Structure formats: structure tokens, C-alpha cells
Amino acid sequence: MPRGVANYGHEFYEHIFELLLRLKANYLWPAMWNNAFNEDDTLNARLANEYGIVMGTSHQEPMLRAQKEWDRRYMRTLGPWNYAKFPDTLNNFWSEGIKRNKNYESIVTIGLRGENDTPMASGGLDSNMDLLRNIIVAQRKLLTEEINPDVTKIPQLWCPYKEVMAYYNAGMRVPNDVTMLWTDDNWGNIRRLPTPEERARSGGAGIYYHFDYHGGPRNYQWINTNPISKIWDQMSLAKQYGADRIWIVNVGHLKGYELPISYFMDLAWNTSRWTNGNINEYTRLWAQQQFGSQYADQIADILEKYTKYNQIRSFIDRGKGLFHKYRITIERDDIVSL
């Protein structure tokens, strides 16, 4: 384990994998900000395979390689990854990752963004689109060399997240066998759903959703602001429009989001069982499961109100300068009636 890296090794992930299976989940993007799942502990990937967990990497980390794997090798000498400058180095880097994990079940993220969840160094929209097309061609060639000559048999996804959505809107497309992983706006509002023509793609579509967000313009972390009624509204639309090949949700540090995580997974498992007509019932049953039946109704009521009020008046909206015009009201918010 590299010095200063949190110990997210196989003993940690054993608990995560068991939790996923108990939740009826089978797919994971691992901890990424300061970690490299496959390198921090070489037993991690093997354990995931034993548990039947399909592994992937985030929208910014293609070809089963964590950004930290690049940083540890090349940041001091080459700087951030940049395909326009270092195509051969990146191709070799990706090839090593695919070769390392090819015997484990994975969904390969294709494409490329900049370091730390940022856009690629801008060469303009058209130039970046051309570069990204070339990157995807090179990545799929590597997949045929390392895994299967028929690249359509290799599970892959492309996530048009943040600035990448502009490339799609400008006409960029990926091969039909690649799953389109549509996204929300980082705040739980799905930006786009498949058209009838897009629903005919063999790779299908999925959704990348957020309960927790680390990025601009403001983070929201640790405190749950996700009413399950909103999750039902957005994810039932995803199901209705055929974006159901992959559902993955950003849960940040996990703690604090137990209720929405459970609901998201139960909804994914059986979308017809949970509707907008039994949301309160779900919360009560969840409270009963976690805390027993004696106080289940009261606990469910607290959970519903807590999440509702958190969303109405989010703690993140108290940022300095955000409500400067209404500073006096904000300072007296303890007497504001909700």
C-alpha cells in the first residue's frame, strides 16, 4: 500500500461486496480520489470476481485504469494524462490495465476526460471531438487484441458526463454495441433520456445518478438531501424510456445515505413493486427492518421530514456570499417556519 493511501484493501472491500449483494447490486466503481483499486491491493479484483461483483471505473477513468495509477507513474515526468501529447504512453498504459483484468468480469469505460473530473485540455469543440473519436478507435483496438477479436462481445460504456454531453449534442456517436450511460445534472435531475432511435441501439442505455457530489459549483456530501419520491420520479422515467441496462449511483462516503441507497437498489431490482403510491410504505418498512416495529412509524416520519427539509433548505446553500442580499434573513433562520 503506497504511503499516505487509505487502506481500501481486500479486507475493506469484503464488507463492501457483501453489502452490495445484500442490496441486490452487482456492479461497482471503486473509491477513486486517492486510490487505485487494482494496485492498492492485488487481491481486490480477485475478491470482486469471487463475490460476483462486476467492476468498472468512473466516467473519467477509461480502460480499467485509475487516475492514481497514472499519477504514481507519470505525474512528475509527464504531468496529467493528455492523449494529444502522449498517445503511445497512454495506449500502453491502457493495454496493461486490460491485460491485468481481462480474466475478471468488467464493464470497460471508454473515452477520456481530463484529470480530476475536468475536461480535456481544450482544443475547441471540433478538435476535441476528433481527438476523442481517435481515442475510442484506439481503445477498441486494444480490447480486440487483449480480450476478444469481436469487440462487440466486450461490455463497454460511454458516459456523456458534463462537457462530454456537448460532444454528443454536436453529433459525436460511439458504436451501437457500447452502452450509453446517460447522467443526471449532479443534483438528481436526469439531463436526457434515449429517443426511440437510440433505444434501438444494441448496447442499450443506462443512468449515472448522484446522491453525493464533489465538484463545482458546490459540493454536497455526508448529509442526505435525496427524498426517495424524487428517486422514484427520475428512475421510473429512466425505466420507462429504456435506460435500464446499467444503473449506478454516486454515494460518496456511503454513510448517511442508507435509505436512498436501499430504495435505489430495490427499485432497480423490481420497478413494478415500488410506485409513487407506496413511497411512505417503503420508508416505514425500511425503518421496521432496521430498527424494529415498535417505533417504525415514528422513525419513518422523522426520516421523511428530515430528508424533505434538507432538500428544501439545503445546508450547502449557506455558503458565504450565496445569499448576501438576504443576510439578515439567513442569520435569523432559526425562527423561519418550515
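The values are calculated or read from the model by the stated rules, or taken from the named source; none is laboratory data. Every value quoted in this text rests on a predicted model; they were computed, and no experiment measured them. Note that we place each Cβ from the backbone using ideal geometry, even for glycine, and neighbour counts take in every protein chain shown.
Annotation: K99 fulfils all but one of (1) charged (D, E, K, R); (2) out of contact with any Phe, Trp or Tyr (no Cβ under 6 Å at 6 or more places or on another chain); (3) part of a loop (DSSP other than H, G, I, E, B); the unmet one is (3).
Y104 satisfies every condition listed in (1) part of a loop (DSSP other than H, G, I, E, B); (2) touching a residue at least 60 places away in the same chain (Cβ under 8 Å); (3) in contact with a strand residue (DSSP E or B) (Cβ under 9 Å, 6 or more places away or on another chain) except (2). The residue list D126, D130 contains one member that is of a type in the set (D, E), surrounded by fewer than 13 Cβ atoms within 10 Å (Cβ to Cβ) and more than 26 Å from A238 (Cα to Cα), which is D126.
Those helices (runs of 4 or more DSSP H) of the range 1-81 in which at least 3 residues are modelled with pLDDT of 95 or more and farther than 23 Å from G111 by Cβ, considering only elements entirely within it, cover 10-22, 43-51. Considering the range 21-55, the residues that are free of Cβ contacts under 8 Å to residues at least 60 places away in the same chain and basic (K, R) include one that is surrounded by the most Cβ atoms within 10 Å (Cβ to Cβ), namely R46. Scanning the range 139-175 for residues that are closer than 20 Å to N128 by Cβ and in contact with a helix residue (DSSP H, G or I) (Cβ under 7 Å, 6 or more places away or on another chain) gives Q139, R140, P160, A166, Y167, A170, M172, V174. Of the residues making up the range 107-129, just one is among the small types (G, A, S) and in a helix (DSSP H, G or I), namely S127. Considered as a group, the residues in the range 140-172 that are over 29 Å from W232 (Cα atoms) and among the acidic types (D, E) include one that is surrounded by the fewest Cβ atoms within 10 Å (Cβ to Cβ), and that residue is D150. Within the range 130-151, the set of residues being assigned to a helix (DSSP H, G or I), more than 22 Å from Y167 (Cβ to Cβ) and of a type outside the set (D, E, K, R) comprises T144 only.
Table: residues versus (1) closer than 29 Å to S106 by Cβ; (2) of a type in the set (S, T, N, Q); (3) touching a Leu at 6+ places or on another chain (Cβ under 8 Å).
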{"residue": "I207", "(1), (2), (3)": "yes, no, yes"}
{"residue": "F211", "(1), (2), (3)": "yes, no, no"}
{"residue": "Q221", "(1), (2), (3)": "yes, yes, no"}
{"residue": "I231", "(1), (2), (3)": "yes, no, yes"}
{"residue": "I246", "(1), (2), (3)": "yes, no, yes"}
{"residue": "V251", "(1), (2), (3)": "yes, no, no"}
{"residue": "S262", "(1), (2), (3)": "yes, yes, yes"}
{"residue": "N270", "(1), (2), (3)": "yes, yes, no"}
{"residue": "E281", "(1), (2), (3)": "no, no, no"}
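Looking across the range 56-88 at every residue that is of a type in the set (S, T, Y) and surrounded by fewer than 17 Cβ atoms within 10 Å (Cβ to Cβ), the one that is farthest from V249 (Cα to Cα) is identified as T77. Taking the range 90-123 as the range and being at pLDDT below 95 and crowded, with 20+ Cβ neighbours inside 10 Å as the test, the residues that pass are R113, M120.
Among residues of the range 291-316 being of a type in the set (D, E, K, R) and either in contact with a Cys (Cβ under 9 Å, 6 or more places away or on another chain) or surrounded by 12 or more Cβ atoms within 10 Å (Cβ to Cβ) (or both), the one that is modelled with the lowest pLDDT is R313.
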